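Remarks on the structure that follows.
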Amino acid sequence: MNEPSFNLQQAQLLDAADELRHLRARFEMPSDVIYLDGNSLGAMPKRAVGVLADTASRQWASDLIRSWNDNDWIGAPQRVGGKIAPLIGSGTHEVIVADSVSVNIFKLLTAICRDRSDCTTILTEAGSFPTDAHVAQGAADVFELNVELVERCDLLGQLNEKTAVLLLSHVHYKSGDRFDMASINAAAKRRGVPVVWDLSHSTGAVPLDLRRDGTDYAVGCGYKYLNGGPGAPAFVYVSGDRQQTMRSPLQGWMGHAAPFAFEDDYEPAPGMDRFLVGTPPILSLLALECGIDEFADIDLEQVWSKSQSMFDLLASQMAKLCPQLTLITPVDASHRGSHASFSHPNAWPINNALIARGVIGDFRTPDVLRFGLTPLYTRFEDITRAVNILAEILETEEWCKPEYSQAARVT
Ligand SMILES: *Cc1c(COP(=O)(O)O)cnc(C)c1O
């Protein structure tokens, strides 16, 4: 089957008019791949290769331990955090890079719960990203609380004075549903309940304004839309007026007021530094900085606006050429993030057949095909080609080949 070329030409016109089209050249992208999975592992910024090489061959190999001061390794968690601040609408000193999303959720939940001994439950959404519920269950055990896993529509109804903390993922990893952060914060505040937001699927994708929206606590991911590389460290945010009273039970020397005084007793550092635990992973942290630096001269409103246009193109082409698939992501842009998900009972083999043809999205159990829209390096042309290839796979039933039904450890 030939590609319907009029589609492709229309898409190329959209690319020619795209204000962000110059950014794609800043990322490595194999020419035989259409990458629609930057919401799971962002593309590699070309600059990262040089920075990693310099960090290894000069800073580590030659400067050795002097690098902590001379190359300011010691200041990297705060410096890189400060660069995330404009992307989430926080103050520079309200965010720090550390550990993983999972560990940072644990720090915030436990720091909050230790001061809320009259409460009985941690409330979170059923069917959200599993690590959030798992960490909540672990934190609840420490304080002998229950975890209530509740459907999205019942969350506010379950929120009451017995709720120690509400933990929510801002953009749902599977459906792409986005919460209205300001209204949830306001509703929780009326009941006196702190809210921890997981921004993994929104940071670097949708404009955020944590201060305007009254957010006190948040975490987010470095390797998704921030393009920080595999296993990049995560970030943690606490609003300025909450920081001084927060005590994370994960007390480590890097979060001490004076790490190099080598004192026996722990005294938390002022501000966000108290959320550091151990020695930061410098190679990963400096790769993450490259990813974040790519946002320095662009406006997230532009990124989000291109994401919406890409979504519209994807949704309309899919409806036309692949009607067997059902869109499960909200069409109202204010209610979604930057990926589009479709359900189909054979999503797993279909996704494998797509990957074999160079179209990389992902499968989410049990029946979801998920496509990430990453405006920094995804073109309208890519969307059009991907849908055309998918239509062909469905029409020819190429996905029925037995090799596409084989299991894999990572999906
Ligand atoms: C990606 C993601 C995470 C990742 O957690 P890690 O600890 O970095 O593995 C956590 N929560 C959500 C909602 C995510 O999408």
- Item | Net length gained if the chain between residue 400 and residue 46 were fully extended (0.36 nm per residue, minus Cα distance) | 123.7 nm
- Message: Give me a comma-separated list of calculated 3J(HN,Hα) values for the range 358-370, in order, Karplus coefficients 6.51, -1.76, 1.60 applied at θ = phi - 60°, integers in Hz, x for any Gly or Pro.
- Response: x, 9, 9, x, 9, 9, 10, 4, x, 8, 10, 9, 10
- Excluding residues fewer than 8 places away in the same chain, name every one of the lysines whose C-alpha is closer than 27 Å to that of residue 320. 174, 306, 401
- Note on the structure: Rounded to the nearest 5, the percent of DSSP beta bridges in the chain running antiparallel is 55
- Query: Hey, if we sort 260, 380 by accessible area with the 1.4 Å probe, largest down, what's the order?
  - Reply: 260, 380
- Note on the structure: Residue span residue 299 to residue 213: 0.36 nm per residue of separation minus Cα-Cα distance leaves a gain in nm of 29.1 nm
- Task: Just grab the label-to-label distance for residue 411 and residue 331, each label 7 Å out from Cα along the Cβ direction, in nm (one decimal).
- Result: 2.8
- Task: Let me know the longest stretch in the chain that avoids all GluC sites (Glu not before Pro) found in a DSSP loop with at most 13 other C-beta atoms within 10 Å.
- Result: 264-396
- Task: Return the FRET efficiency for the residue pair residue 8, residue 265: r is the Cβ-Cβ distance, R0 is 51 Å, and the value is rounded to the nearest 0.05.
- Result: 0.15
- Message: Pairs of alpha-carbon atoms within less than 8 angstrom and 6+ residues apart define the contacts here; what relative contact order does the chain have, in percent?
- Response: 22
- Message: So for the range 201-344, averaging the separation of alpha carbon pairs under 8 Å that are six or more residues apart and normalising by length, what relative contact order in percent results?
- Response: 24
- Query: Between residue 93 and residue 115, what is the spin-label point distance in nm, taking each point 7 Å from the Cα along the Cα→C-beta axis?
  - Reply: 1.8
- Give a residue-ordered list of calculated ³J(HN,Hα) values for the range 287-297 (Karplus: 6.51 cos²θ - 1.76 cosθ + 1.60, θ = phi - 60°; whole Hz; x for Gly, Pro). 5, 4, 4, 4, x, 5, 4, 5, 8, 4, 10
- Tally up the carbon and sulfur contribution to the accessible surface of the range 5-87 as a whole percent, 1.4 Å probe, everything protein left in place. 60
- Message: Can you pull out the trypsin sites (Lys or Arg not before Pro) in the range 104-140 whose DSSP state is coil and whose Cβ has at most 16 other Cβ atoms within 10 Å?
- Response: 114
- Message: Quick check for me: using +1 on Lys/Arg Cβ and -1 on Asp/Glu Cβ, what's the dipole size of the range 70-224 about its Cα centre, in debye to the nearest 20?
- Response: 320
- Message: At a threshold of 8 angstrom on Cα-Cα distance, excluding pairs fewer than six apart, so keeping six or more, what relative contact order does the range 190-283 reach in percent?
- Response: 21
- Farthest towards the positive end of the dipole of the chain, among 407, 52, 349 and with Cβ unit charges of +1 on Lys and Arg and -1 on Asp and Glu, lies the Cα of 349
- Query: What distance in nm separates the simple spin-label points at residue 279 and residue 62, each placed 7 Å from Cα in the Cβ direction?
  - Reply: 2.2
- To the nearest 20 debye, what is the magnitude of the charge dipole of the range 33-114 about its Cα centre, counting +1 on the Cβ of each Lys and Arg and -1 on the Cβ of each Asp and Glu? 60
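At 1.4 Å probe size, with the rest of the protein present, what percent of the exposed accessible area of the range 327-411 is carbon and sulfur atoms?
Percent of accessible area from carbon and sulfur atoms in the range 327-411: 53.
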- Enter the Cα centre distance for the pair the range 167-238 and the range 317-372, rounded to the nearest angstrom. 23
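With only Lys, Arg, Asp and Glu charged, each at its Cβ (+1 for the first two, -1 for the last two), find how big the charge dipole of the chain is about the Cα centre; round to the nearest 20 debye.
120
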- Message: Can you find, among 232, 156, 168, the residue sitting farthest towards the positive end of the charge dipole of the range 129-241, where Lys and Arg contribute +1 and Asp and Glu -1 at Cβ?
- Response: 232
- Dipole of the range 299-369, positive end: most advanced residue of 309, 325, 340 [Cβ charges, Cα centre]: 325
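The values are calculated or read from the model by the stated rules, or taken from the named source; none is laboratory data. Since this is a predicted model, take the numbers as computed values, not measurements. Every residue, glycine as well, gets a Cβ built from its backbone with ideal geometry; the counts of neighbours run over all protein chains shown. Only protein heavy atoms, including side chains, enter the accessible area calculation; ligands, DNA and RNA are left aside. Shrake-Rupley method; radii C 1.70, N 1.55, O 1.52, S 1.80 Å.
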